[in-house]
C-alpha cells in the first residue's frame, strides 16, 4: 500500500508540473519590413497578389498550360508526396502523450550443468535436469510530459508539415510565372521571326534593284556585296529563331510534364495588352502571403520547439511502467488462471547527472540555430522586398523604354520607305538604303524584346507579391 502512495505522489507531480515550460519562445521579428516599397507608385493597401491567377493572366492558351503544369509537373507531384509524408509524421507525433503497449510471448528451455549451482538446485528441488519458462504478457510504458518535451515535438512536427505545404505553394507560384514567361518568349520570337522574314523580302527587293543598276553600269560590285551581306543578316536570324523556338517549346512541355513537341499559338505579341496600374500593396501584407517567407517563419517555430526539447532533456524524466500476463514453468499450467497470473507496476525518475556536457551543448547549439533562423527569416523578407522593388522599377522604366522604342520604330520604318523611294529615283545611295533597313530591323526586334520584358515583369511582380499561392 505504501508503494502505491509513492506512485500516486509521482503522478501528482507529473500533473502539477505538466504545464511548466522550461524555455521561452523567440517571437517572429515584427520590424523586418519597410512601410512602403521603393519605386511604388502609391501606398495602396490593395495588392494584385489577391487577384486569382485566371483573372490576372487572361490568355486562354497560357491558362491551359498553367492548369496542365500544376497537375502534371513532376516537381509539383514530388512536393505533394512530401506533404503526405510530413502529414503522416505529424499525425504520429500527436500520439506522443499516449503510453507504449507491447505484447510479448516467449518460451524457453534451459539445461544447466549438473555440477553448477543451478543444476544441483534443479535436480534437488524440481527433480529435472532442465528448466522451462513460458511467458505471455502485456507491457506498458508511459512518460509524463512534465517539461513540455513531447509538446515541443508536436509543435515541431506541425510546423514541418506546414512548411511542406508552403514549399508546394512557392513551387506553384514559380511554375505559373515560368509558364507565362515561356509563352511570352515564344510570342516574342514569333514576332521577331515575322520581322526577319519581312526584312528578308525587303532586302531581296533592294538587291534586285541594285542588280539592275549594276547591269546598267550605274553601280559597282561593291553595292551588290553590301546588299547581299545585309540580306544574309536577315536570313541568318530565321534559323536562329527557329532553334530558339524549338528549345523554348521543349522547355514548356517539360514544365507541363509532357514530352517535347510543338505548342500551338493563336495569340500574338501585338494583340496582348500590357497590364497597367499594378498595385503592390503594403510590404507587411506580402510577408504574410509569400510562401518562402512563411516557410522561414515556420522554421523559427521549429527552432523554438527544438530549443524546448533540448532544454527539457536536461530535467528529470518520470516514467511509469507496468506489465502483466501469464507465467508458468510448465506448458501444461501456462494458462491455468488465476494461478499463472502475474503483474508488475513501477515508476521511476531519471535525472541526467554527467553526460560529458552533451545535453548542455545540445541546448546551446539549439539556441544558436534558433538565432540563425531569425537571421534567415530577416534575410528572406529582405530578399522578398528587394524582388518586389526590382519588378516595380522594371515596370516603370520598361514602359519608358517601350514608348521611346515605339517612336523609333515608326521613324525608321518611314525612313526605309523614304530611302527606297529616293533610291529608285537616284536621290539616295544604296548604303543609305541598307543602313535604313538594318536600323529598322534592329529596332523592331528590340521593340518585341522590350514588350516581352514588360509582360514578364508584370508576371514576376505578381509572383514576388505572393500571387498564385492559393
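Put simply, of 122, 68, 58 the only residue that is surrounded by 15 or more Cβ atoms within 10 Å (Cβ to Cβ), out of contact with any helix residue (DSSP H, G or I) (no Cβ under 7 Å at 6 or more places or on another chain) and over 24 Å from residue 135 (Cβ atoms) is 68. Among residues that are modelled with pLDDT under 85 and out of contact with any helix residue (DSSP H, G or I) (no Cβ under 9 Å at 6 or more places or on another chain), residue 138 is not included. For the stretch 260-283, the count of residues that are within 31 Å of the chain's Cα centre (by Cα) and under 30 Å from residue 354 (Cβ atoms) is zero. For the stretch 444-466, the criterion of a residue being surrounded by 15 or more Cβ atoms within 10 Å (Cβ to Cβ), part of a loop (DSSP other than H, G, I, E, B) and without any contact (Cβ under 8 Å) to a residue 12 or more places away in the chain is satisfied by no position. Any residue at all in the stretch 408-423 that's surrounded by fewer than 16 Cβ atoms within 10 Å (Cβ to Cβ) and under 30 Å from residue 285 (Cβ atoms)? No, that holds for no residue. Among the residues of the stretch 423-436, those identified as in a helix (DSSP H, G or I) and in contact with a helix residue (DSSP H, G or I) (Cβ under 6 Å, 6 or more places away or on another chain) are 423, 430, 432, 433, 434, 436.
In summary, residue 189 fulfils each of the numbered conditions (1) assigned to a helix (DSSP H, G or I); (2) in contact with a helix residue (DSSP H, G or I) (Cβ under 6 Å, 6 or more places away or on another chain); (3) modelled with pLDDT under 95 with the single exception of condition (3).
In the stretch 214-225, is there at least one residue being closer than 22 Å to residue 440 by Cα, touching a residue at least 24 places away in the same chain (Cβ under 8 Å) and touching a helix residue (DSSP H, G or I) at 6+ places or on another chain (Cβ under 8 Å)? Yes, there is a match, as at least one residue in the stretch 214-225 is closer than 22 Å to residue 440 by Cα, touching a residue at least 24 places away in the same chain (Cβ under 8 Å) and touching a helix residue (DSSP H, G or I) at 6+ places or on another chain (Cβ under 8 Å). Here 384, 366 are screened, and the one residue that is under 30 Å from residue 449 (Cβ atoms) and in contact (Cβ under 8 Å) with a residue 24 or more places away in the chain is 384.
Could you tell me which of the residues 354, 342, 335 is farther than 30 Å from residue 456 by Cα and in a strand (DSSP E or B)?
Selected residue: 342, the only one of 354, 342, 335 that is farther than 30 Å from residue 456 by Cα and in a strand (DSSP E or B).
Screening the stretch 265-299 for residues that are without any contact (Cβ under 8 Å) to a residue 60 or more places away in the chain and either closer than 21 Å to residue 194 by Cα or touching a strand residue (DSSP E or B) at 6+ places or on another chain (Cβ under 9 Å) (or both) and picking the one that is surrounded by the most Cβ atoms within 10 Å (Cβ to Cβ) gives 271. When the criteria are applied in full, residue 175 fails the requirement of being over 17 Å from residue 328 (Cα atoms), out of contact with any helix residue (DSSP H, G or I) (no Cβ under 6 Å at 6 or more places or on another chain) and either surrounded by 13 or more Cβ atoms within 10 Å (Cβ to Cβ) or touching a residue at least 60 places away in the same chain (Cβ under 8 Å) (or both).
Of 113, 121, all but one fail to be more than 25 Å from residue 334 (Cβ to Cβ), free of Cβ contacts under 8 Å to residues at least 24 places away in the same chain and either more than 60 Å from the chain's Cα centre (by Cα) or not in a helix (DSSP H, G or I) (or both); the exception is 113. Could you tell me whether residue 367 is within 35 Å of the chain's Cα centre (by Cα) and more than 30 Å from residue 107 (Cα to Cα)? For residue 367, the condition - within 35 Å of the chain's Cα centre (by Cα) and more than 30 Å from residue 107 (Cα to Cα) - is met.
Restricting attention to the stretch 425-435, which residues are under 19 Å from residue 232 (Cβ atoms) and surrounded by fewer than 22 Cβ atoms within 10 Å (Cβ to Cβ)?
Residues of the stretch 425-435 under 19 Å from residue 232 (Cβ atoms): 430-431, 433-435.
Answer for the stretch 425-435, where residues must be under 19 Å from residue 232 (Cβ atoms) and surrounded by fewer than 22 Cβ atoms within 10 Å (Cβ to Cβ): 431, 435.
Being closer than 25 Å to residue 177 by Cα, in a loop (DSSP other than H, G, I, E, B) and either at pLDDT 65 or above or under 21 Å from the mean Cα position of the chain (by Cα) (or both) is a condition met by at least one residue of the stretch 65-77.
The values are calculated or read from the model by the stated rules, or taken from the named source; none is laboratory data. Just so it is clear, the structure is predicted and the values come from calculations on it, not from any experiment. Cβ: placed from backbone, ideal geometry, glycine included. Neighbour counts: every protein chain shown.
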